Structure formats: structure tokens, C-alpha cells
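Working notes, beginning with the structure itself.
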Amino acid sequence: MEYKPHNYQAYCIERIVKDPAVGLFLRPGLGKTSITLSAINILKYFKWSIGKALVVAPKKVAEGTWSKEAGKWDHLKHLRVVTVLGPLAKRIRALNTPGDVYVINRENVPWLVEYYRQDWPFDMVVLDESTSFKNSSSKRFKAMKLIRPLCKKVILLTGTPSSKGLMDLWAQIYLLDEGARLGKNITQFRERYFIANTHGGHFTDYKPKDDAEPAVLKAISDICVSMKAEDYLELPQCIEHEIPVILDDKVKKEYAQFERDLLLQIDENTITAQSAGVLTGKLLQFCSGAIYDNDHKVVKLHDCKIDAYMEYIERLNGEPCITFYGFQHDKERILQALAKTKLNVRVYNGPDDEDLWNAGKIDVLLVHPSSCAYGLNLQAGGRHIVWFTPNWSFELNDQGKCRLWRQGSPYDKVYVAYLVVQGCVDEDVMAAIKDRTDTHETVMRVLKARIQKLKGEI
């Protein structure tokens with residue numbers, strides 16, 4: 001296929017070619033992969049300025065997205081893309097295979113750095129979904145920091161660089177400029193742009209100063225490019241709607257009692273992000289219709305949400321649909337319900353399922369949001385998404401929507417439906433998604449509010 005870049009794509013290609021480091025903060029659907037490969041092609045075969053490029057990506061993306069994209073476009077078909085995945089011997093064999101672009105999953109970055117040490121062979125490093133490196137304490141960040149001075153060119157790719165707040169930016173920007181703009185370490189960054197929150201004399205978290213966001217964005221504006229798909233492309237209309245799920249009276253009473261028993265034993269002043277995640281997870285499971293007991297066995301509670309889901313699938317009248325589930329027992333119960341239909345149902349496991357979906361050979365594709373969040377182009381296979389279990393993370397919701405709502409869709413509309421149990425924690429999740437608030441902070445705030453409400457009813 002002939003590659004005819006949009007003006008913004010040509011601009012991004014030029015930036016990668018000219019600048020030693022650049023962050024492309026482009027929303028899904030803007031063609032980050034084709035932009036980057038086009039720049040690599042120019043740098044290697046026209047400028048002769050690089051030898052090998054390394055792409056670090058989420059595992060599912062590393063498996064197929066980069067090689068598929070290179071094979072898609074006429075001007076890139078000569079690029080040799082080598083995947084560095086699997087067992088140790090296979091990875092070493094791949095590294096010794098002649099190639100232009102080597103793609104490795106982010107979990108193996110520390111191993112790769114240790115393997116080469118000072119003999120680092122990659123002139124250019126691309127961090128696909130650079131938010132994977134936002135934690136400055138992580139092994140993968142420390143490994144990349146170690147070899148950063150050995151890289152001629154570093155490119156960051158992501159659509160949501162700071163989905164959970166400004167604190168996410170320091171580590172990513174450091175890998176671009178080695179601390180020149182936001183500080184040589186995270187402490188300098190915090191002191192410059194944040195104030196410490198305390199509760200009862202104890203530190204809780206950091207809050208951005210009033211002028212922090214514009215100051216940070218100004219500081220990095222020369223090294224980052226930020227674009228939204230809707231500003232540059234004719235995208236299909238995206239229609240999001242909630243499907244109310246009403247619990248039976250008996251189940252509603254059981255939920256109320258379950259919530260009371262669960263939350264009243266908790267002191268809202270000592271809730272942590274981890275404990276909040278566990279507690280809300282249990283409430284979300286109840287809404288979905290099953291829950292894990294203390295022995296991790298599945299206890300079925302009701303079919304209210306399953307029934308609502310099957311009614312929605314029936315209304316689609318055979319149109320393909322991606323279904324995002326939250327828990328393994330959700331997946332199993334959905335599969336059991338769909339087995340009674342004549343629909344072709346698949347659970348997403350990798351590139352083969354992506355191909356089958358886009359070829360129109362799958363009616364319902366079951367996907368866990370974390371396994372399908374990045375890099376997958378599913379727009380050719382359908383126009384319907386349904387969230388069986390709402391997810392607190394705005395980033396995962398946004399990325400999930402953009403599997404279909406993106407450039408190249410053959411549809412003029414894309415529909416995203418959320419199954420929302422009324423009067424329960426599902427509604428809190430939807431409110432958090434709409435507000436685009438920090439996940440951990442929101443979960444803790446919601447739980448505290450629910451505990452206080454329950455205590456007021458005693």
C-alpha cells in the first residue's frame with residue numbers, strides 16, 4: 001500500500017529525523033507506528049545516521065504490531081523487523097539475526113541492558129507506550145537510565161503521558177533529556193512543582209501547585225509533540241451510552257448487606273490505595289454477578305448483568321461486538337451464556353485473533369482491557385464495544401475505545417456501551433471515568449464517602 005502521510009505525520013517524521021530526542025504524545029489512531037518506522041527508514045537508508053533501532057513495547061504489541069505495520073506499506077517492506085521475545089535462547093538468537101528494527105517487550109529491558117552492558121548496539125531507542133517507564137523506582141526505568149547516554153536518539157510514543165497526573169511525566173521526560181527540563185531527580189521535580197499533603201500530621205501524597213501544569217507543559221513543549229486525533233482526522237462519530245442494570249429486590253438487599261459488612265469494618269482514615277482497590281474489586285464483582293471466596297473459588301450471586309448483556313447482544317442482531325470483561329469469572333460466565341447462541345465467539349489471545357476479527361470472522365471478541373490496550377488496530381472488524389465490567393482507569397477506557405474509534409474505520413459511527421448496575425459502585429466508576437480523575441485517589445475518596453454514609457445510617 002502506498003503511504004501518503006497527513007501533514008501532521010510528515011511533521012512528526014521530520015521531528016524524529018532532525019531531533020536527538022522527541023516525545024510524540026499522539027492519541028490512538030494517529031499512526032505513531034508508521035510515523036516512527038518511516039523516520040527509521042530515512043535515518044538508516046537515506047541519512048545513514050543509525051545502524052540498529054530498538055523498540056520497547058508492551059508484549060502484545062511487540063508480538064505483531066511493528067512487523068505488521070512494516071509489511072503494510074510499500075516504502076517500508078524492505079525493513080527487517082526482528083522480534084526479541086520468548087525463552088532466553090530464542091531472544092539471544094534473535095539479537096544475533098541481521099535486522100534494522102529489534103522489538104522487545106518492556107519486561108525484558110533490564111535483561112537486555114545487562115546482556116550488552118557497555119557494548120550497547122542500538123543507536124536509536126523507541127519507547128512505545130512510554131508510560132510503562134513513568135515509575136522512576138522501577139527496574140526498567142533504571143536500566144534505560146543507565147544506557148541513555150549511549151543512545152544517539154530516543155523517541156517516546158504514547159497517547160496518555162500523564163493519565164494519573166503530572167507526577168507521571170518526570171521519569172519519561174528524563175529519558176529524553178536526562179533531567180535538563182524537569183530536574184535531575186524526582187525530588188527536584190517534586191520540590192519545584194508540588195506540595196506535600198498531610199492528614200493528622202502524617203504525609204499522604206503530593207498535590208500539584210496551582211501553576212504547576214502550565215509551567216510543566218511550557219518546560220517540555222520544545223521536546224514533545226501533542227496531538228488529538230479528532231483535531232486532525234475525520235473520525236467516525238463516537239456514541240457512548242450507559243445500559244442501566246437493575247438488581248432484583250432480593251439481590252439489591254444482599255448487595256446492601258454485603259457492602260455494609262465489607263466497609264463498616266474499615267477505618268476510612270487508614271484506607272490505602274491497595275486496600276481500596278481490593279474492596280472496590282469485591283463490590284464490582286458483586287455487581288457483575290459472581291465473587292471469589294477466601295479460597296479463590298467462584299461463588300455465583302446473580303444473573304442480572306449477564307441477562308442485560310445477552311439482551312444487548314441480541315439487539316445487535318449479529319453485528320460484531322468487542323466485549324471488555326473485568327474478572328476471569330466474568331469471562332467464563334459470558335462464554336457459558338454465549339455458547340447457547342450460534343455466534344462465533346473468541347477470547348483475544350494475540351495477533352491471530354486480531355486478523356480474524358478484522359476479516360469479519362468473529363462475532364463476539366472477549367478482551368481483558370489490559371491485554372488489548374495498546375497498539376491493536378481492530379477498526380475493520382466492527383463498530384460496537386460493550387464494557388461488561390466498568391474500569392476505574394480513564395486510560396484503559398480511552399485506549400479500549402480507540403481500538404475501534406480510529407483512522408481507517410469503515411464505519412461512520414462507533415458505539416460504546418457500559419453495563420452499569422444502578423445504585424451501586426458501578427455508578428461511582430462511571431463518574432470517575434467522566435471526570436478523568438486520578439484512579440487511586442478517586443477509589444479511596446469513593447470508599448471513604450461510602451463508609452461515612454453507612455456510618456451515618458446506623
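The values are calculated or read from the model by the stated rules, or taken from the named source; none is laboratory data. Model, not experiment: these values are computed from the prediction. Using ideal geometry, Cβ is built from the backbone for each residue, glycine included, and neighbour counts are taken over all protein chains shown.
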Screening G423, G408 for residues that are surrounded by fewer than 22 Cβ atoms within 10 Å (Cβ to Cβ), at positive phi and modelled with pLDDT of 85 or more leaves only G423
Is it the case, given these coordinates, that Y115 is aromatic (F, W, Y), modelled with pLDDT of 95 or more and under 27 Å from the mean Cα position of the chain (by Cα)? no
Determine whether segment 91-106 contains at least one residue that is surrounded by 13 or more Cβ atoms within 10 Å (Cβ to Cβ), part of a helix (DSSP H, G or I) and under 25 Å from the mean Cα position of the chain (by Cα).
yes
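For (1) in a helix (DSSP H, G or I); (2) surrounded by fewer than 22 Cβ atoms within 10 Å (Cβ to Cβ); (3) outside the structural domain of W66 (by TED's automatic domain parsing), each residue gets a yes or a no:
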residue	(1), (2), (3)
A337	yes, yes, yes
K342	no, yes, yes
R346	no, yes, yes
D352	yes, yes, yes
L356	yes, yes, yes
K361	no, yes, yes
L365	no, no, yes
S370	yes, yes, yes
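Identify, from the list F258, F286, the residue that is assigned by TED's automatic domain parsing to the domain that holds V425, under 30 Å from R315 (Cα atoms) and either modelled with pLDDT of 80 or more or out of contact with any strand residue (DSSP E or B) (no Cβ under 8 Å at 6 or more places or on another chain) (or both). Explain how you work it out, then say what you get.
Numbers: F258 fails: under 30 Å from R315 (Cα atoms).
Just a single option satisfies the conditions, and that option is F286.
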Scanning segment 76-90 residue by residue, those of a type in the set (G, A, S) and either surrounded by 12 or more Cβ atoms within 10 Å (Cβ to Cβ) or in contact with a Lys or Arg (Cβ under 9 Å, 6 or more places away or on another chain) (or both) turn out to be G86
Take the conditions within 17 Å of E129 (Cβ to Cβ), within 27 Å of the chain's Cα centre (by Cα) and in a loop (DSSP other than H, G, I, E, B) and apply them to G64. Does it pass? no
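Conditions (1) without any contact (Cβ under 8 Å) to a residue 40 or more places away in the chain; (2) closer than 27 Å to R403 by Cα; (3) surrounded by fewer than 19 Cβ atoms within 10 Å (Cβ to Cβ), marked per residue:
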residue: L169; (1), (2), (3): no, yes, no
residue: Q172; (1), (2), (3): no, yes, no
residue: L176; (1), (2), (3): no, no, no
residue: A180; (1), (2), (3): yes, no, yes
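With among the hydrophobic types (A, V, I, L, M, F, W, C), without any contact (Cβ under 8 Å) to a residue 40 or more places away in the chain and touching a Lys or Arg at 6+ places or on another chain (Cβ under 9 Å) as the only criterion, which of V347, V364 stands out? If you could, list the steps in order and put the result at the bottom.
Numbers: V364 fails: without any contact (Cβ under 8 Å) to a residue 40 or more places away in the chain.
Exactly one of V347, V364 is among the hydrophobic types (A, V, I, L, M, F, W, C), without any contact (Cβ under 8 Å) to a residue 40 or more places away in the chain and touching a Lys or Arg at 6+ places or on another chain (Cβ under 9 Å), namely V347.
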A196 passes all but one of the listed conditions (1) over 24 Å from V125 (Cα atoms); (2) modelled with pLDDT under 90; (3) in a helix (DSSP H, G or I); (4) in contact with a helix residue (DSSP H, G or I) (Cβ under 9 Å, 6 or more places away or on another chain); the exception is number (3)
Taking segment 160-193 and keeping residues closer than 22 Å to V126 by Cα, in a helix (DSSP H, G or I) and modelled with pLDDT of 90 or more leaves L169, W170, A171, Q172, I173, Y174, L175, L176, D177
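In segment 35-66, how many are farther than 18 Å from V125 by Cβ and without any contact (Cβ under 8 Å) to a residue 40 or more places away in the chain?
Going through segment 35-66, the residues farther than 18 Å from V125 by Cβ turn out to be 45-46, 48, 60, 63-64.
Applying the additional criterion that residues be without any contact (Cβ under 8 Å) to a residue 40 or more places away in the chain yields 45-46, 48.
Selection size over segment 35-66: 3.
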